[in-house]
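Engineer: Take this structure first; my questions come after.
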Amino acid sequence: MSRKIILDVDTGTDDAVAIMFAALHPDLDLIGVTTVNGNVPLENTTDNTLRVLDWIGRPDIPVFAGLARPIARLGFPSAKHFERDSGDDPHGSALPIPEPRSVRQDTGAVEFLVETLRSATEQITLVPVGPLSNIATALAIDPSLTEAVDEVVIMGGGHAVTNVTASAEFNIWADPEAANMVLSAGFGRLTLVPLDATYQALITRDTCTALEESATPAGIAASRFISLRIDAYDGTVAVDDAAPVHDVVCTAYLVRPEVITTRSLHVTVDTTSPLTIGRTVMDTRLKSTQKPNADVAFGADPQLLADLLLDVFTRPPSAPATER
Ligand code: BDR
Ligand code: CA
């Protein structure tokens, strides 16, 4: 039986790859996608998400728009050295695939999360790969929602690796209060996939070529999105002609947990210091007295990830999905 999941995204290029993976893998049942302000403004993350689902022939998967800003601030924290993840254009550019024909649901993302988790008859996996504003707001409305969630798998944070500032990773930094709410909500299982792991699972231009040659909608789009990332990351990662595709490591983990290696640690987020705001403070001390609240990925397997992308994206598109 396939695993019911909800993806929470700020669609940019790597979110798009994660959405396609979740929508097309036979072991996953993507029951809905919630969008949030992040890589690009909410209107664009929602439009991009609709584009991706239409492009791969899954307009049946509903899209729900969420928060347009962080939960406790009027906007992102200020940062002297704010830099963007190279593969995602912070100026609201649309993904290089046709405009959507589908439209988002009238129901908002937070309402969808609350109603779906309250009425769930089987456990649901939450996979947030953007700022955690939607998830935190749903928890503020009903903290018991954690009981309907078997695992929350988050792309975010960084211990030895950061990107948006010298201290922080973008998703956590963009809404640090939301991140702390989610980390302390008491989920039964919380897996955190930080940059320390995603930068080990680089996808190469050779893999993009193979994806493109498959001539499937997902293969063509994945090649296009990841090539954009490779161009943008050029010269900044350990392997030439390669780039991290952060968010898809989370969805790949759901079907092949061995794609990452984890350590159980206590993780919390700095929400105050101008210098380190948004930093995930991971207690790696051997004799820490803090109870772990997350399984944190520090290793990832680039070949296994590439094989999974090729396996899922090069399959001939199946018959049109039945309307939900
Ligand atoms: C995260 O930020 C965004 O740029 C990506 O979509 C990813 O979710 C990486 O820091
Ligand atoms: Ca993202």
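Engineer: Under a point spin-label approximation (7 Å from Cα along Cα-to-Cβ), what is the Gln105-Asp234 distance to one decimal in nm?
Structural biologist: 4.2 nm
Engineer: Between Arg285 and Leu304, what is the spin-label point distance in nm, taking each point 7 Å from the Cα along the Cα→C-beta axis?
Structural biologist: According to this spin-label approximation, the distance is 3.2 nm.
Engineer: How large is the dipole of the range 1-61 about the Cα centre if only Lys and Arg carry +1 and Asp and Glu carry -1, each at its Cβ, rounded to the nearest 20 debye? Walk me through the numbers before you get to the answer.
Structural biologist: Working: 4 positive and 10 negative charges, 37 e Å.
Computed about the Cα centre, the dipole is about 180 debye.
Engineer: Still on this structure: How high is the relative contact order of the chain, in percent, counting Cα pairs under 8 Å that sit 6 or more residues apart?
Structural biologist: Working: 765 pairs, mean separation 65.4, N = 324.
The value is 20 percent.
Engineer: State the antiparallel share, in %, of DSSP beta bridges confined to the range 3-314, rounding to the nearest 5.
Structural biologist: Details: 13 of 36 bridges.
Rounded to the nearest five, the antiparallel share is 35 percent.
Engineer: Out of Thr198, Thr251, Thr284, any idea which swings most in a Gaussian network model of the chain, alpha carbons joined below 10 Å?
Structural biologist: Fluctuation is largest for Thr284.
Engineer: Let me ask something else. Which residue, Met181, Pro217, Ser227, has the largest displacement toward the positive end of the dipole of the range 178-324 when charges sit on each Cβ (Lys, Arg +1; Asp, Glu -1)?
Structural biologist: Met181
Engineer: Okay, next question. With +1 on each Lys and Arg Cβ and -1 on each Asp and Glu Cβ, and nothing else charged, work out how big the dipole of the range 184-320 is about its Cα centre, in Debye to the nearest 20.
Structural biologist: On the way: 11 positive and 16 negative charges, 144 e Å.
Roughly 700 debye, rounded to the nearest 20.
Engineer: Which value, in debye to the nearest 20, gives the size of the charge dipole of the range 3-314 about its Cα centre, when Lys and Arg are +1 and Asp and Glu are -1 at the Cβ?
Structural biologist: Numbers: 21 positive and 42 negative charges, 160 e Å.
It works out to roughly 760 debye.
Engineer: Then there is this: Among 55-67, 172-184, how do they line up from the highest to the lowest mean number of other beta-carbon atoms within 10 Å? Could the numbers behind the result be given before it?
Structural biologist: Working: 55-67: 21.4, 172-184: 25.5.
Ranked by mean Cβ neighbours within 10 Å, highest first: 172-184, 55-67.
Read the figures in this text as sums done on the coordinates, not as results from a lab. Predicted, not measured: the structure shown is a model, and the values here were computed from it. Virtual Cβ from ideal backbone geometry, glycine too; neighbours counted across all protein chains shown.
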